[in-house]
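Read through the structure below, which is laid out as structure tokens, and then see the notes.
None of the figures in this text is laboratory data; all of them are computed from the coordinates on show. Bear in mind the structure is a predicted one, so any value in this text is a computation, not a measurement. Positions of Cβ are backbone-derived with ideal geometry, glycine not excepted, and every protein chain shown enters the neighbour counts.
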Amino acid sequence: MPLSAAFTVVKVDYANPTHAQALVTLLDAYARDPAGGGEPLSDFTKANLVRELAARPQAFSVLAFDGADVESASPVGLVNCIEGFSTFACRPLVNVHDVVVAASHRGRGVAAQMLAEVERIARGRGACKLTLEVLSGNDGARRLYERVGFAGYQLDPAMGQAQFLQKWLA
């Protein structure tokens, strides 16, 4: 299905109420999806996320709207990013933290266009690379990421590919 002729991708202005609401709504939809854990965002997260992102200059987000007038168009995609730092390159890197596309718009190129905007912003920040993590069973996302240039991370093939690990702190 082709994209709407008025499909729009923008960097989020966290002070814009339309952007803020779209960000929370799309992230909550992602959280509820099995790929996002299957649980809604907490009331605390819904109430504080946009303010907390805005307070961090290393964070930025991108939204996709199905329409030319962002104030009245339907939000259909979101990417949240956090800038980190590559010690080996001694330059910033950008971690793509969340990629969300409304079920109604999947397979229509929305994520690829948002990731192109993320790359443009990252290059403007002087970043040396983009990073992301993806669940091994999310075949559609894995194919997309490979198609737009992402690949497994390794330094020495004999040591294997990097794995994403986590440890929750109380």
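Of note:
- Distance between the stretch 38-53 and the stretch 91-116 - C-alpha centres, whole angstrom: 20 Å
- Nitroxide proxy distance, nm - points 7 Å out along Cα→Cβ at VAL10 and ALA162: 3.3 nm
- Intensity falloff of the chain expressed as log10 I(q)/I(0), Debye formula with alpha-carbon point scatterers, at q = 0.10, 0.15 Å⁻¹: -0.39, -0.91
- Efficiency of FRET from Cβ geometry, SER104 and ALA47, R₀ 22 Å, rounded to 0.05: 0.25
- Considering only alpha-carbon pairs that sit under 8 angstrom and 6 or more positions apart, the relative contact order computed for the chain is 19 percent.
- Nitroxide proxy distance, nm - points 7 Å out along Cα→Cβ at ALA112 and ARG147: 0.5 nm
- Trypsin sites (Lys or Arg not before Pro) restricted to the stretch 31-103 and DSSP loop, no more than 10 other C-beta within 10 Å: none
- Gain on full extension, evaluated as 0.36 nm per residue between GLU39 and ALA89 minus their Cα-Cα distance, stands at 14.3 nm.
- Where a label projected 7 Å from the Cα of LEU135 along Cα→Cβ would reach, residues of the stretch 35-63 with amide N under 12 Å: 35-39
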